[in-house]
Amino acid sequence: MGIIHSKTTTFMKDSKLRSIAIVGGGIAGWMSAAILSRFLQTQDIDICLIEGGEDCDSIAMYHAALPQLQTLHETLGIDEREFLKFTRGGFKLGIQFCQWNREGGQYFHGFGGFGMPIEGVSPHHCWLKLKSFGDDIALGDYSLASVTAQLGNFSINTKNSRALLEHGFHFDPQRYVEFLRLYAQARGVRCLAGKVVDVKLSRKNGFIQTLQLKSGQAVQADFFIDCSGFRASIIEQALATGYQSWSHWLPADRAVSWSSNACEDNFLPYTKVTALPYGWQWRIPLQQSTVNGLVYSSHYLSDAAAADYLQQELNGKALGSPRFSQFVAGHRKRFWNKNCLAIGFAAAFLEPLECSGIELIQNGVLRLLQLFPDKRCDLALSAEYNRKTLEEVCRVRDLIVLHYATCAIHSELWQYCKHMILPPELERKLKVFASSGHVPLHREDFFQEPSWVCVLVGQNIVPKRYEPSIENIHPNTLRAFMLKRRAEISAIARNQPSHAAFVGQYCSV
Ligand SMILES: Cc1cc2nc3c(=O)[nH]c(=O)nc-3n(C[C@H](O)[C@H](O)[C@H](O)COP(=O)(O)OP(=O)(O)OC[C@H]3O[C@@H](n4cnc5c(N)ncnc54)[C@H](O)[C@@H]3O)c2cc1C
């Protein structure tokens, strides 16, 4: 028995991954480096990040993140105050959608849901029951995050047994990348400056062997993570993996962002997203500036007209000049191909309507840790990785396509979207919800039921039916209970400082 054991051990030792090279110094690159440096620090694996610097640009338009980033920071041992101070950021309780459901209309996708279940049933069913009896109270009145955000208030110790307040963040993207770089380098990640200009593949199995930098330096590693953005310099340029476009469902292909100086009254704890005839506009308040942006289809609007429109919309003095980016919604046909894994834009692009980019990045890296390979990169692991990641990206896509397919604005773009054939999975979700009030979810769904209900009801999809088990609650009893809950939520929300005041004492620059 001894001999076999030592042979197996030697083989396992030899096939153990010893080095990882990450290409790209954007958010995907440094978040990957930070997470891997935290979880692999005892594994004696060399991690180096190659960043192209001036030679290659980084989009860096992501100023908002979902509540899951808070969980990641806790896992990485990152102090929230330090993070917000360093990134000049603030808190995000949700997204206000304006003009998406009707002229002058608005609704909130608030984080954290509608509070505790009632008789074991999600509160939106109770709201549906009372609506069927003619009540006309907004569903958002049962979301503490939505009510608090619309008052411009915030604090993080407002928890009671009945209401839950989850939060994401707004921050300066370049400062956040710098924050993650410092974190990763403090845990041993090496950084090489240089543009990857060539990739050598093994003749035996087509695996990547060496990256050639513009400087002539060669970088060898056992495993490569392509975080080179839309360029996809490794997974596409070298491995020709292929890209599946979703532009027939998400026709926007341009974005422009422009910062303006901040103003106190506008330092609100939410992102504002307004539908427009040729796309949509976002506004994100930071401590020292406000970020304004437009996502649009170049088929309906030129870049010059987009910049002109945005300039008029700036709610303060313009800072710097507008920054443009172009993209095609879709995903790499394999996120993990041979010994190369794509993360960030190199893996997939979904426009930031529900600001999902950073969570897809963190989930992509955490999924690699769950399916961590050795040098052989077992196909079973990459296949499982690709299956799960595609499932997740499709589910995020569907929530964004739901906005597109139900936007109330009468313009060529939105008329096209209104008549497009929906992804079958979304079609199924809409049918089940319309006839039961339930949202069928998958394991890989990172938007949970309350988020779907906020957007479905917000976009005027209100089911006629609700969970039958609450039929036995008399409408007057239910109404009294719901009104009491609504009053409690309103009182908690009012009893908080303004977001600006809270940030001022908690993490101001
Ligand atoms: C308008 C807009 C707004 C967005 N807003 C949000 C948001 O609010 N929240 C959110 O979660 N997501 C948002 N996203 C998505 C988010 O921006 C992306 O998920 C994220 O930027 C992807 O970053 P990345 O690191 O993959 O790419 P990039 O930021 O493009 O970085 C690529 C890096 O690779 C380097 N590089 C490229 N080629 C080479 C090479 N050959 N050799 C060496 N280095 C190389 C570049 O220098 C750069 O550092 C937004 C996207 C857009 C377009």
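The values are calculated or read from the model by the stated rules, or taken from the named source; none is laboratory data. What you are looking at is a predicted structure, and each value in this text was computed from that prediction instead of being measured. All Cβ positions, even for glycine, are placed from backbone atoms using ideal geometry, and neighbour counts span all protein chains on display. Please note that ligands, DNA and RNA were not included when accessible areas were found on the heavy atoms of the full protein model with its side chains. Shrake-Rupley method; radii C 1.70, N 1.55, O 1.52, S 1.80 Å.
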Val328 - would you say it is within 23 Å of Gly89 (Cβ to Cβ) and aliphatic (A, V, I, L, M)? no
What about Thr75, is it at pLDDT 95 or above and either more than 16 Å from the ligand (Cβ to nearest atom) or part of a loop (DSSP other than H, G, I, E, B) (or both)? yes
Run down Lys204, Lys195, Lys129 and say which single residue is within 16 Å of the ligand (Cβ to nearest atom), among the charged types (D, E, K, R) and farther than 30 Å from Thr42 by Cβ. Lys195
Could you list, in sequence order, all residues of the stretch 1-38 that are at pLDDT 65 or above, part of a loop (DSSP other than H, G, I, E, B) and among the aliphatic types (A, V, I, L, M)? Leu17
So, of the residues in the stretch 195-215 that are at pLDDT 95 or above and among the small types (Gly, Ala, Ser), which turns out to be farthest from Ala255 (Cα to Cα)? Ser202
So, Ile235, is that one more than 10 Å from the ligand (Cβ to nearest atom), surrounded by 14 or more Cβ atoms within 10 Å (Cβ to Cβ) and within 23 Å of the chain's Cα centre (by Cα) or not? yes
Against the condition closer than 25 Å to Gln150 by Cβ, outside the structural domain of Leu294 (by TED's automatic domain parsing) and open to solvent by less than 10 Å² (accessible area, probe 1.4 Å), how does Phe97 come out, does it pass? yes
When you look at Arg397, is it modelled with pLDDT under 95 and charged (D, E, K, R), yes or no? no
Screening Leu379, Leu353, Leu368, Leu341 for residues that are away from the ligand (no atom under 16 Å from the Cβ) and either at pLDDT below 95 or among the hydrophobic types (A, V, I, L, M, F, W, C) (or both) leaves only Leu379
For Ala262, are the conditions met, namely being within 12 Å of the ligand (Cβ to nearest atom) and open to solvent by 10 Å² or more (accessible area, probe 1.4 Å)? no
Options Lys317, Lys333; residue that is in the same structural domain as Ile35 (by TED's automatic domain parsing) and not small (Gly, Ala, Ser): Lys333
Of the residues in the stretch 427-460, those that are among the β-branched types (Val, Ile, Thr) and under 24 Å from the mean Cα position of the chain (by Cα) come to Val439, Val453, Val455, Val457
In the list Val509, Val432, Val503, Val462, which residue meets the criterion of being open to solvent by less than 40 Å² (accessible area, probe 1.4 Å) and not charged (D, E, K, R)? Val503
Considering only the stretch 214-232, state which residues are buried (at least 24 other Cβ atoms within 10 Å of the Cβ) and in a strand (DSSP E or B). Phe223, Phe224, Ile225, Asp226
Please give the number of the condition Thr477 fails out of (1) open to solvent by less than 40 Å² (accessible area, probe 1.4 Å); (2) part of a helix (DSSP H, G or I); (3) of a type outside the set (A, V, I, L, M, F, W, C). (1)
Number of the exception - Gly89 against (1) open to solvent by less than 40 Å² (accessible area, probe 1.4 Å); (2) under 30 Å from Glu51 (Cβ atoms); (3) free of Cβ contacts under 8 Å to residues at least 60 places away in the same chain: (3)
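Just name the residue that is most open to solvent (accessible area, probe 1.4 Å) out of those in the stretch 290-300 that are away from the ligand (no atom under 12 Å from the Cβ) and either assigned to a helix (DSSP H, G or I) or under 26 Å from Val396 (Cα atoms) (or both).
Looking at the filtered set, the residue picked out is His299.
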Restricting to the stretch 265-289, count the residues that are within 25 Å of His403 (Cα to Cα), away from the ligand (no atom under 13 Å from the Cβ) and assigned to a loop (DSSP other than H, G, I, E, B). 4
